[in-house]
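Down below is the structure, laid out as structure tokens.
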Amino acid sequence: MSVHHLELKSAVAGELAELLGLLDEWLGGDDNTLLADSFQRFVGATGYQVNDMRTDLARFEFLLGAEDGTELFGLGR
């Protein structure tokens, strides 16, 4: 499998990171019972939950340089 190199302009990376942060905050909202149920139906399996998605979003934010890793490494949640 070949690895492709991709470069993002800093403005694009910043906007992408903001979008990921918005999704993370939305998924972590107050009562996400309905959201969690909807997410589970969409995914179609029990092995990937909303908190798993939030961890992935935090990882991508960190990789884009928008976060210091606090949430990713379990210090923020």
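Each reported figure results from applying straightforward, stated rules to the coordinates on display, with no laboratory input. Values in this document were obtained by computation on a predicted structure and should not be read as measured data. Cβ: placed from backbone, ideal geometry, glycine included. Neighbour counts: every protein chain shown.
Of note:
- Positions within region 1-21 being aliphatic (A, V, I, L, M), within 16 Å of Leu64 (Cβ to Cβ) and outside any helix (DSSP H, G or I), in sequence order: Leu6, Leu8
- Output for region 22-36, where each listed residue is within 14 Å of the chain's Cα centre (by Cα), assigned to a helix (DSSP H, G or I) and within 12 Å of Met53 (Cα to Cα): Leu23, Asp24, Glu25, Trp26, Leu27
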